[in-house]
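To keep things clear, I will list the structure first and then write my remarks on it.
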Amino acid sequence: MIAVGALLHAKQLSRSPFEIATALIVPVVQATLAVYLFRAGGEPGRLLEAAVGAGLMGVWSSVLFGSGGAIQNQRWQGTLEMIMLAPRPPALVVLPITLATALTGTYAMVATLAWGRLLYGIPLTFAHPLAFAVAVPGCIIGLGMFGLLLASTFVLLRNANALTNTLEYPIWLVSGMLVPITALPGWTGPIAAVLPTTWGARAVREAATGSGPTWPSLGICLAISLACLALGAIMMTHVERRARAAATLALA
Amino acid sequence: MSEHAIEAVGLRRTYRSRTGWLRPQRREVEAVRGVDLTVGNGELFGLLGPNGAGKTTTIKLLNTLLIPTAGEARICGFDVVRQTREVRRRIGYVFGGDRGLYDRLSARDNLRYFAELYGVPGREQKRRIAELLDLVRLSGRENDRVEGYSRGMRQRLHIARGLLHRPRVLFLDEPSIGVDPVAARELRQTVADLAATGTTVLLTTHYMAEADELCGRIAVIANGTIQALGTPAELRHHADGRQVLEVEAYGVGDAQLAVIHALPGVREASVVVTGAAQVLTVQSDAGVDVQADVLRALDGVRLGRVTARQPTLEDAYVAIVNRVDAQALPVEAVAV
């Protein structure tokens, strides 16, 4: 059910004109942003790291807007009630949606790297190509599971968009997707340490640049993500009941 | 097997909302105020009422989408609050309108996804989907995206989706809303066929003819409570001792309607707008001829055909609903 659900949701998402336009424009913007940021910082040698970071930002945006936006879209389409009415644990119903958004997020990574290569001539020479090929999907699946935890709050909130918009930039900033965590104030450290995005980004970066062993970071990312999945599943059951009590599954 | 497919006792639902941050205002709306009803296995039961009467809320309380503020409900013997999953396995829910489907997917993909969600075994899915596409006459268009479907086709797809897991109880919430007459007739046929195969159907509708044709029993709900319940023939008795005058008119205002309503012998008066014309319906005591007084009250208004007739089920429904409204609201013109 999870595979069919994720596939069909990815199909539905990838046919949205808005999603297509966003998918075309955002990677170019992010690749440009990353390249100029690193050039201005006098570190042109780290352009691949910049492109990978920008790609991860795209994956995160996709998961975040996918979880929040997809739940809100389901509410607008009138399908949220229909899927929550299924005789399944609510987490199992929502997980395919967040996985689908992570899948479409993969495209953001590929497109950012491709645009980086085409427009700015960034050499796509990965230090550990195999580790990179494993780290990217691992990170994406991890973010999808994190998305489930986020989605549980979106089921409850009728104005989920507000929360989605607020979370986009702080998370990729704190997770060190583009700017090194060491450059951030000390108090962000503990927050970064518990976010799967931090470890996922680190794993992908390590695989791309060879700055460290990929597997421990990827392992921590997946472990935190699994914890998020478990917590998300418990929360989803609780939230579904609260949504039925508060009547927030439908628009009105 | 439980004796009743649907049982509700003292069902109530209050919606609470809050607006404003600095000076928050809390608002409570009591949408359902104590509904009692039982629907037998295999029965086709109608729930009729005006907008805001509590029909959809009642359905959502019964199909587990909402938790009641008070009271209890059971579907096939399972409690809707405590045994949610057991209830969901046994019910289908179809509502009217354009929403509730994945527009950018084909009908087949929509059905495939919901078949997975509703636990239809993989080996059975293909056959079941083909069977339902045939039933709702969408075979041949199953690979087209739903966004290109007409309202009637979407509605039929909704029904197919609601039937995927062979539910024992089907909730149909205004399925014929906005559907053209031919599609509505096909829809009624589909519903009648379902009931004939033993599926219990709870149907809400605005259309009296639909309820009269399909339902074995009808409950009229208004102001959150059931005002009358019985077979269509029993409900017609609510208009006993009355006669009906229908006047085709152009330009009847609220003031004239209030005057007509106050005439001696007049029990109900309402205006329905149909295209450019209005149809004024006046229910009066059977022994009182109000025609001359009504026409006098309409002095200056361009009139068409004037007809006197016996009350129908619709007149009985209007009598029941207006009895409730009269306690709370002034008489006003209604546009449809």
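Proximity of backbone amide H atoms, modeled 1.01 Å from N, is registered between B:Gly97 and B:Ile177 at under 5 Å, excluding neighbours fewer than 5 places apart on the same chain. Between B:Ser17 and A:Val29, the simple label model (points 7 Å from Cα in the Cβ direction) yields a spacing of 3.3 nm. With R₀ fixed at 56 Å, the C-beta to C-beta distance from A:Leu92 to B:Asp254 puts the FRET efficiency at about 0.55.
Put simply, the stretch B:4-230 fits an ellipsoid with semi-axes of 29, 20, 19 Å; these come from the alpha carbon gyration tensor as the roots of five times its eigenvalues, largest first. With contacts taken as Cα pairs under 8 Å at a separation of at least 6 residues, chain A carries a relative contact order of 27 percent. Each Lys and Arg contributes +1 and each Asp and Glu -1, all at the Cβ; summed about the Cα centre of the stretch B:237-335, the dipole is approximately 120 debye. Just to confirm my numbers, what's the Cα centroid distance between the stretch B:99-143 and the stretch B:30-74 in Å? That distance is 28 Å. Of all aspartates and glutamates in the structure, the ones whose alpha carbon falls short of 15 Å from that of B:Lys55, not counting any fewer than 8 places away in one chain, are B:Glu30, B:Asp36, B:Asp173, B:Glu174. Its Cα gyration tensor gives the stretch A:166-252 an equivalent ellipsoid; the semi-axes, largest first and in whole Å, are 32, 16, 11. Taking all C-alpha pairs of the stretch B:237-335, those more than 15 Å from each other amount to 57 percent.
Within the listed set B:Ala211, B:Ala276, B:Ala222, the Gaussian network model of chain B (springs between alpha-carbon atoms below 10 Å) gives the highest mean-square fluctuation for B:Ala276. Roughly how many Å is it from the Cα centre of the stretch A:88-122 to that of the stretch A:1-52, as a whole number? Taking the Cα centre of each part, the stretch A:88-122 and the stretch A:1-52 sit 8 Å apart. For the stretch A:7-16, backbone phi angles converted through the Karplus equation (6.51, -1.76, 1.60; θ = phi - 60°) give residue-by-residue couplings of 5, 6, 5, 4, 5, 4, 5, 6, 9, 7 Hz, Gly and Pro being listed as x. Working note: 222 nm ellipticity from helices only, DSSP H runs with n ≥ 4, each -39,500 (n - 2.57), summed and divided by the residues of the protein assembly as shown, gives -17500 deg cm²/dmol to the nearest 500.
For the residues A:Ile140, A:Ile20, A:Ile220, a GNM of chain A with alpha-carbon springs under 10 Å puts the largest fluctuation on A:Ile20. The mean number of Cβ atoms from other chains found within 10 Å of a Cβ in peptide B:100-107 is 5, as a whole number.
Mean-square fluctuations from a GNM of chain A, with a 10 angstrom spring cutoff on Cα atoms, peak among A:Leu92, A:Leu119, A:Leu56 at A:Leu119. Mean per-residue shielding of peptide A:75-85 is 6, counting Cβ atoms of other chains within 10 Å of each Cβ.
In this label model, B:Asp134 and A:Ser211 are separated by 6.3 nm, measuring between points 7 Å along each Cα→Cβ vector. Multiplying each eigenvalue of the alpha-carbon gyration tensor of the protein assembly as shown by 5 and taking the square root yields semi-axes of 57, 25, 22 Å, largest first, rounded to whole angstroms. Close amide H partners of B:Ala269, meaning residues 5 or more places away or on another chain with modelled amide H under 5 Å apart, are B:Gln283.
Between B:Val288 and B:Thr312, what FRET efficiency follows from the Cβ-Cβ distance if R0 is 25 Å, with the result rounded to 0.05? That pair, B:Val288 with B:Thr312, gives E of 0.80. Computing FRET efficiency as 1/(1 + (r/R0)^6) for A:Ala21 and B:Leu295, where r is the C-beta to C-beta distance and R0 is 56 Å, gives about 0.35.
Dividing the mean sequence gap of close Cα pairs (under 8 Å, 6+ apart) by how many residues chain B holds gives a relative contact order of 18 percent.
Each label point was placed 7 Å from the Cα along the Cα-to-Cβ direction; for B:Asn143 and A:Leu226 their separation is 4.2 nm. Peptide packing: for A:192-201, B:7-16, the average count of neighbouring Cβ atoms within 10 Å per residue gives the ranking A:192-201, B:7-16, highest mean first. Projected onto its three principal axes, the C-alpha set of the stretch B:89-155 covers 30, 25, 21 Å, listed from the longest axis down.
In terms of overall dimensions, chain A has a Cα radius of gyration and Dmax of 18.0, 57 angstrom. Charging the Cβ of each Asp and Glu at -1 and of each Lys and Arg at +1, and nothing else, the dipole of the protein assembly as shown about its Cα centre rounds to 1780 debye.
A short reminder: the numbers here are calculations on the coordinates, not readings from a lab. No experiment lies behind these values; they were computed from the predicted model shown. As a convention, Cβ positions derive from the backbone with ideal geometry for all residues, glycine included, and neighbour counts pool all protein chains shown.
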